[in-house]
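Comments concern the structure below.
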Amino acid sequence: MALRKSSLNGKSMITTQDLSREEILEIIQVAEAMQKHRFSDEYTGVLKHQSFLMFFYNPSVRTRQSFEIAATELGGHGLYLEPGGMRLKTKDRAGETIEDVAGVMNRYGCGVGIRILEGKLDYYGRGDEILREYDRYLKVPLVSFAHDRFHPCQGLADAMGYRKHLGEHLEGKTIVHQWGHGALARSHCSVQESMLICSRLGMNVRVAHPPGYELDQEVIDWTKQNCAENSAEFSVTNDPVEAYEDADIVYSRNWMSTDAYSGGEFHKEQEVEKAMQYTDWICDEEKMKLTNNGFFSHPMPVDRTHEVTDEVASGPRSIILDIAENRLHVQKAYMALSMGS
Amino acid sequence: MALRKSSLNGKSMITTQDLSREEILEIIQVAEAMQKHRFSDEYTGVLKHQSFLMFFYNPSVRTRQSFEIAATELGGHGLYLEPGGMRLKTKDRAGETIEDVAGVMNRYGCGVGIRILEGKLDYYGRGDEILREYDRYLKVPLVSFAHDRFHPCQGLADAMGYRKHLGEHLEGKTIVHQWGHGALARSHCSVQESMLICSRLGMNVRVAHPPGYELDQEVIDWTKQNCAENSAEFSVTNDPVEAYEDADIVYSRNWMSTDAYSGGEFHKEQEVEKAMQYTDWICDEEKMKLTNNGFFSHPMPVDRTHEVTDEVASGPRSIILDIAENRLHVQKAYMALSMGS
Amino acid sequence: MALRKSSLNGKSMITTQDLSREEILEIIQVAEAMQKHRFSDEYTGVLKHQSFLMFFYNPSVRTRQSFEIAATELGGHGLYLEPGGMRLKTKDRAGETIEDVAGVMNRYGCGVGIRILEGKLDYYGRGDEILREYDRYLKVPLVSFAHDRFHPCQGLADAMGYRKHLGEHLEGKTIVHQWGHGALARSHCSVQESMLICSRLGMNVRVAHPPGYELDQEVIDWTKQNCAENSAEFSVTNDPVEAYEDADIVYSRNWMSTDAYSGGEFHKEQEVEKAMQYTDWICDEEKMKLTNNGFFSHPMPVDRTHEVTDEVASGPRSIILDIAENRLHVQKAYMALSMGS
């Protein structure tokens, strides 16, 4: 599949909700072609001698690997910038402004990626504000590497995996996002992105979580609207079992409660303590039997024995490694379409 | 501009003062050509498959980005070595000697860069000693990534910017280096390098700072001598305003006082506290009006509202982003001339 | 020397003892060719656009440099993964399992390297177990970057150095591994790998250490067996001098005592305190005079004045820099043979 000039050229990606349905499908289709012809000359020169700036406020192994390799396989260089080396202005500390950091990045790189979440933020939503502030000053494309609200590359990788295992037409298929207990107090970004992209592609979207773990109301509203536009259904329940019924995909994942931030702080220990009480909230074989021979999905890293049993995570219906691999392909596709010349 | 065999081949750069005037101009002229033809085949193979070793005792985002990208754009690889991973001998700790570290680097890399300043040093001048000790054992070129005394790449980037905005002939133009208050207790290296290179290129050099912030006497002596050789003028004042008069370039920057080191320690907090008292020492629109419609220059990161107002830093006469971009070009030029085969 | 399809293709290397004698010699011979023709087209495309995943539980400058440059010189990319960025499951902490980490690496990289030793382990031997657990889940080759028991690349570099300085036929030559006092409480891996590879290549192997610094009994048994198969001799002594007699190579190195781990902890300070008492255990000119005009060998970094005097380490019979350089060549050779297509 030859790369053509795309409407994505020069375009940032903070969430797939900001893209058109056609752009989402274009990225996935190019990713599928890139997977088939991974080291084809068609792709290995797209970012030749170009540098992609990867800015990690929070560390991550998976995101770093997949983006740095994406840049490498497009012929370019992924430049890893670490939190420790930054001298950024914060509310408590003198340092460099986003205007200045972004202004220099425009001169150096072909694109920028930023990861910021959890303890690096004062309140939920601040990460999205920071990314949008960078984007105002950036002339090159900005892509979220996961922030408090969204994780567009994970959503694209998920959707690519569902297409592989459920077929190209996802319309009418059902995904359940089940909150899982666990010791990691994770962000909302992966599950919220999944709700948005799955509903864009016509899937019925279900969410199940204990009281107190409500997701972003605006994301719920967008998901409802996406479902309405695609004749799909949306539902939320507080029951750990009923949402599994006839589901095609089970997406089990811990996320933090609505009390996770207060007084400008992220309260990780309190979140873990609270979450660990809900021992029923785990994806296991028994619940999987209620599904339509469903697949198990998870953005990894998996918190095994909390979010999901080993039996399910390593079982024959688990597609987590396929989805992890897709991260590489969708990121290459997005980068080629937005940053390639 | 084709790269020719240069007297810089194999040559280290600890300060531009160690280079001839012709070598300084050669680097800048090659950098100007590289800016025009950034990804030309002329340059992208110069360090093909070569590794440039980047040794950061102190972290830095700008220097890391610009050198790692420089290596990439020359077809090579910039290898980032972090302070945490080093097991170097120090006065208090068993570890590897500079002789041994450098001896191995000679076998592996095409060149070496080192950054060392502030809290990594026992006293002012120690960083320069350490670089010169590395240089004694290195057979490949060594370039300073900023150390306590000098910052040659910043000086070259500054001069390249002044040529762009003031014209190729800088003789007779005037630059004022104004100390700024601020919360970062910065090193002397950038401003001292600027004094040296500007005076080499025939500019009148002015320095303004409060009492107690005197710069390196040897650098002052060299600057005077450079000025004398180029029919330029040199002056130092303790007045925060008068030096602006008719200046073509205003370079505002905080630097640490003469008391910053004592007892083998760098006293950052005490420095910040002292510096923050001098609230008059800021570059603002009012002072800029005294200049010859001067440009605002700064090596970044800028400590806005302390060293300079937002109005000036983001204003139409600010050339800080051009200069930051120049870091890439002058570094590529120096690396190509010194490390290319 | 053209690269041919090798029995090493797809093969991991946790210790050279797991390889055949022919495979060991193949790596060294390819490395010798790669040293002669370092940037030959024959080699610079072997891992083109491929990413090699470098996983450092413990930091290291030498290993990082030599592997990252090896990947670069083969046309690929060495991706440095740091301990701080990992969220791995441990006995005390929720996190990702080795099964999952390895499962994703299979999708992303052409090979994996891991370094794990000292304070990252609960007991001696645990590092080897962890590497073998990774290897069970990895489909791409795994190479040890040094772990508690073995350091195969160091052993290969040593042997390549001995061939250069003693001639291709090492049969009948004598190496003494002398424990040195020192302040670094080092692992057994380098010296144990040296014992194994030297005995495979027919050298007489001697070990000298104070009581309480006994090495791994299984490694001693293997070394004895290797010696028996190659008509070579093996001996252990507690005398700091006698083993030097007529030796061709003196390998001086500190290593931790048999009490270094207890209660799930690595007791570094106690080890250093104990080791520093044995001030007689240093390689010096006087002892070197007892040898057969022997060479001084060390895997670096050297703890000078403890393990060896400056006079010997920087003297004319020191081959430590040649051996450090060999790390690059043997690693390129192993990677090309095991990971190249």
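Quick note: the coordinates plus some simple rules give every number you see, no bench work behind them. Owing to the predicted nature of the structure, the values given are computational and were not obtained by experimental measurement. Cβ atoms come from the backbone with ideal geometry, glycine included; neighbour counts cover every protein chain shown.
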In a Gaussian network model over chain B where Cα atoms closer than 10 Å are linked, find which of B:Met105, B:Met203, B:Met256 has the largest mean-square fluctuation. B:Met105
Straight-line reach from A:Lys289: which lysines have a Cα under 21 Å away, not including same-chain ones fewer than 8 places off? A:Lys173
Place the peptides C:210-219, B:13-22 in order of packing, highest mean first, counting for every residue the other Cβ atoms within 10 Å and averaging per peptide. B:13-22, C:210-219
Along the range B:14-19, Karplus-curve 3J(HN,Hα) (6.51, -1.76, 1.60; θ = phi - 60°) to the nearest Hz, with x for Gly and Pro, reads 9, 7, 5, 4, 7, 9
Read phi for every residue in the range B:172-181 and hand back ³J(HN,Hα) as whole Hz from Karplus 6.51 cos²θ - 1.76 cosθ + 1.60, θ = phi - 60°, with x for Gly and Pro. x, 6, 10, 10, 10, 9, 9, 4, x, 6
Counting only other residues whose beta carbon sits under 12 Å from that of A:Ile319, what net charge do I get with K and R as +1, D and E as -1? -1
Sorting A:Cys110, C:Cys189 on the 10 Å Cβ count, fewest up front, what's the list? A:Cys110, C:Cys189
DSSP loop (so not H, G, I, E, B), at most 13 other Cβ within 10 Å: list which trypsin sites (Lys or Arg not before Pro) in the range A:223-299 pass both filters. A:Lys289
Non-local residues with an amide H under 5 Å from the amide H of C:Cys283, with H modelled 1.01 Å from N and Pro and chain starts lacking one, are C:Val308, C:Thr309
What is the distance in Å between the Cα centroid of the range B:146-219 and that of the range A:10-32? 47 Å
Tensor-based shape of chain A (alpha-carbon gyration tensor, a/c under 1.5 rounded, otherwise prolate or oblate): oblate
Using amide H atoms built 1.01 Å from N in the peptide plane, name the residues 5+ places from A:Met13, or on other chains, whose amide H lies under 5 Å from its own. A:Leu142, A:Val143, A:Ser144
A chain fully extended from A:Asp259 to A:Asn293 at 0.36 nm per residue, minus the present Cα-Cα distance, gains in nm 8.7 nm
Take the alpha-carbon centre of the range B:93-119, take the same for the range C:270-341, and report the distance between them in whole Å. 18 Å
Amide H contacts under 5 Å for B:Val207, placed H, 5+ residues apart: B:His177, B:Ser235, B:Val236, B:Thr237
Could you give each residue of the range B:310-323 its phi-based ³J(HN,Hα) in whole Hz, using Karplus coefficients 6.51, -1.76, 1.60 with θ = phi - 60°, and x for Gly or Pro? 4, 4, 6, 5, 9, x, x, 9, 7, 10, 5, 6, 4, 5
Got the B:Glu311 label distances to the other copies yet, label 7 Å along Cα→Cβ, in nm, shortest first? 7.2, 7.2
DSSP beta bridge pairing in the protein assembly as shown, given as percent antiparallel to the nearest 5: 10 percent
Ordered shortest first, which distances in nm separate the 7 Å Cα→C-beta label point of C:Arg38 from those of the other copies? 3.1, 3.1
Given label points at 7 Å from Cα along Cα→Cβ, what nm distances, shortest first, separate C:Lys139 from the same residue in every other copy? 4.5, 4.5
Taking a ≥ b ≥ c as the square roots of the eigenvalues of the Cα gyration tensor of the protein assembly as shown, is the shape rounded (a/c under 1.5), prolate (a/b larger than b/c) or oblate? oblate
Residues of type lysines that B:Lys11 reaches as a straight line, Cα spacing below 25 Å, ignoring anything fewer than 8 places off in the same chain: B:Lys48, B:Lys139, B:Lys332
Can you tell me how the range C:205-341 classifies by the Cα gyration tensor, rounded, prolate or oblate, using a/c under 1.5 as the rounded cut? rounded
What helix-only [θ] at 222 nm does chain B give? Using -39500 (n - 2.57) per DSSP H run of at least 4, over all residues, to the nearest 500, the answer is -11500 deg cm²/dmol
Descending packing, highest mean Cβ count within 10 Å first, for A:117-125, A:36-44 is A:117-125, A:36-44
